[in-house]
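The values are calculated or read from the model by the stated rules, or taken from the named source; none is laboratory data. Since the structure is predicted, the reported quantities are computational estimates derived from the model, not experimental observations. Cβ placement follows ideal geometry from the backbone for every residue including glycine, while neighbour counts extend to all protein chains displayed. Accessible surface areas use protein heavy atoms only, side chains included; no ligands, DNA or RNA. Shrake-Rupley method; radii C 1.70, N 1.55, O 1.52, S 1.80 Å.
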Amino acid sequence: MGSITFNHVFKRYKGEARPAVDDFHLSIEEGEFLVLVGPSGCGKSTTLRMLAGLEEISSGELYMDGKFINYVSPKDRDIAMVFQNYALYPNLSVFENIALGLKLRKTAKHEIGLRVNRVAKILEISHLLERKPSQLSGGQKQRVALGRAIAREPQVFLMDEPLSNLDAKLRAQTRAELIKLQSDLKRTTVYVTHDQVEAMTMGTRIVVMKDGVIQQVAPPRKLYDEPANLFVAGFIGSPQMNFIPGRIQREDGTLYFANRRMKLPLPVEMERRLGGTDRSLRSVVLGVRPEHVRLSAALPEGEDSGYTAAVVQMKEETGADSYVYLLAGDMRVIARTDPESAYQPEEQAAFGFQMDKIHLFDESSGVSLRREQA
Ligand code: ADP
């Protein structure tokens with residue numbers, strides 16, 4: 001129970017030229033924790049609201065457990081939604097707020113009491129049941145909103161940025177609790193956030209969206225290790241992946257990534273993936289994450305060291321790591337190092353890449369060359 005299928009779903013708001021959601025095509029499995037992530041305005045909430053029945057679908061079909069639900073009203077969908085602003089009724093007590101959905105569905109009074117108390121216990125808000133929302137902290141309000149959704153025991157939970165009004169510490173804590181709750185309840189959950197860290201830590205699968213279009217659907221690790229295109233590569237990970245424009249060229253049977261300042265032989269494995277000579281002289285963008293940039297105090301001996309001379313611009317300490325910002329001509333590169341490292345602003349240094357970790361993207365389409373081959 002709780003499986004969902006979007007079959008080529010489009011949403012075009014009245015009077016808008018472009019669809020807000022453009023050919024959303026995806027199946028969500030029973031019990032899955034799916035996260036929709038992307039910058040503001042990319043169509044996450046619209047997708048969620050179509051699933052909740054709060055927004056009409058322009059074309060395409062939506063199914064829940066194999067049943068066509070495009071025209072099923074929100075109250076008849078076995079779904080509960082948690083909003084960013086909690087949407088609690090100020091005049092009702094916490095108990096009444098949690099009980100509301102059950103009351104509307106004409107659940108027996110005795111059963112309502114049992115369920116509200118059970119949910120309050122899970123969420124550790126039993127001592128707050130008589131209070132009004134105005135007497136609660138942000139985190140407590142969030143729990144009540146969650147409690148209201150859980151008490152209904154729906155097949156599917158929909159959550160639209162439910163943690164964004166909490167401070168950083170409470171957000172991290174509630175995030176962990178939500179993950180636990182979801183794995184205990186084993187209910188399909190579709191969760192919307194613009195925060196890539198939240199997406200990476202919570203989702204069993206993540207959907208990255210941009211301009212209404214799905215960019216990639218993958219588990220967190222795969223999204224990080226094998227981004228399908230430049231957008232995903234830049235969106236997931238902080239500080240973001242370094243991007244360096246250049247071209248692929250073939251010399252004496254070896255493929256190189258080259259630009260005015262560097263010429264790096266590509267690993268044989270990557271060469272195999274890139275295929276024949278048609279790849280030579282192709283314009284590409286090399287992507288490398290800060291943890292895969294190697295630093296050296298000076299340019300190593302030998303012409304083919306693979307290192308490039310640079311100047312340290314700035315050092316950023318996060319406690320566990322430090323990030324060194326380098327400039328080589330107009331090329332900017334961020335490298336992660338350990339906090340003990342001695343690199344200081346305005347000093348000379350050199351950087352190289354862990355070549356088995358680099359990504360290559362087609363310059364014009366942005367598509368990963370690895371992906372193109374697959
Ligand atoms: P997100 O949740 O990713 O921030 P939304 O789904 O809210 O994005 O919005 C997607 C696009 O649809 C945006 O360009 C937004 O301006 C537009 N949009 C959202 N709601 C409406 C509406 N009621 N009428 C017209 N355009 C809308």
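Some points to look at:
- Amide proton proximity set for ILE69, modelled H, under 5 Å, gap of 5+: LEU62, TYR63, MET64
- 3J(HN,Hα) from dihedral phi, segment 327-338, Karplus parametrisation 6.51/-1.76/1.60, rounded to Hz, x for glycine, proline: 10, 10, x, 9, 9, 10, 9, 10, 10, 8, 9, 7
- The residues of the chain present an accessible area of 50 Å² per residue when probed at 1.4 Å with all protein chains retained.
- Subtracting the Cα-Cα distance of GLU316 and ASN165 from their residue separation scaled by 0.36 nm leaves 51.6 nm.
- For segment 13-41 versus segment 240-271, the spacing of their alpha-carbon centroids is 36 Å.
- By the Cα gyration tensor, segment 65-172 has an equivalent ellipsoid whose semi-axes, rounded to whole angstrom, run 23, 19, 12 from largest to smallest.
- Close amide-amide hydrogen proximity is noted between LEU266 and LEU255, TYR256, PHE257, each under 5 Å apart and 5 or more residues distant or on a separate chain (H modeled in the peptide plane; Pro and chain starts excluded).
- Between segment 311-335 and segment 99-152, the alpha-carbon center distance in angstrom: 49
- The modelled label-to-label distance between SER59 and GLN354, using points 7 Å beyond Cα along the C-beta direction, is 4.7 nm.
- Listed by chain and number, the lysines whose C-alpha is less than 18 Å from the C-alpha of LYS222, apart from same-chain residues fewer than 8 away, are LYS357.
- The fraction of accessible area contributed by carbon and sulfur in the chain is 49 percent, rounded to a whole number (1.4 Å probe; ligands and nucleic acids excluded).
- Pair LEU327, SER27: separation of 7 Å Cα→Cβ label points (nm): 5.3
- Segment 4-235: antiparallel DSSP beta bridges as a percent of all, rounded to 5: 50
- Built amide H within the under 5 Å cut-off of VAL82, gap 5+: LEU158, MET159, ASP160
- The mean sequence distance of close C-alpha pairs (under 8 Å, at least 6 residues apart), as a share of the length of the chain, puts its relative contact order at 15 percent.
- Computed extension gain for GLN344 through ARG118, at 0.36 nm per residue and net of the alpha carbon distance, reaches 75.7 nm.
- Relative contact order (%) - criterion: Cα under 8 Å, at least six apart; region: segment 242-373: 27
- Computed extension gain for SER283 through ARG221, at 0.36 nm per residue and net of the alpha carbon distance, reaches 19.5 nm.
- Note on segment 4-235: Kirkwood radius taken over Cα pairs, Stokes-Einstein applied at 10 °C and 1.306 mPa s, translational D equal to 87 µm² s⁻¹.
- Lysines with Cα under 23 Å of LYS11, excluding same-chain neighbours fewer than 8 positions away: LYS44, LYS67, LYS75, LYS210
- Label point at GLU303 placed 7 Å out along Cα→Cβ; residues across segment 221-265 whose backbone nitrogen lies under 18 Å: 249-265
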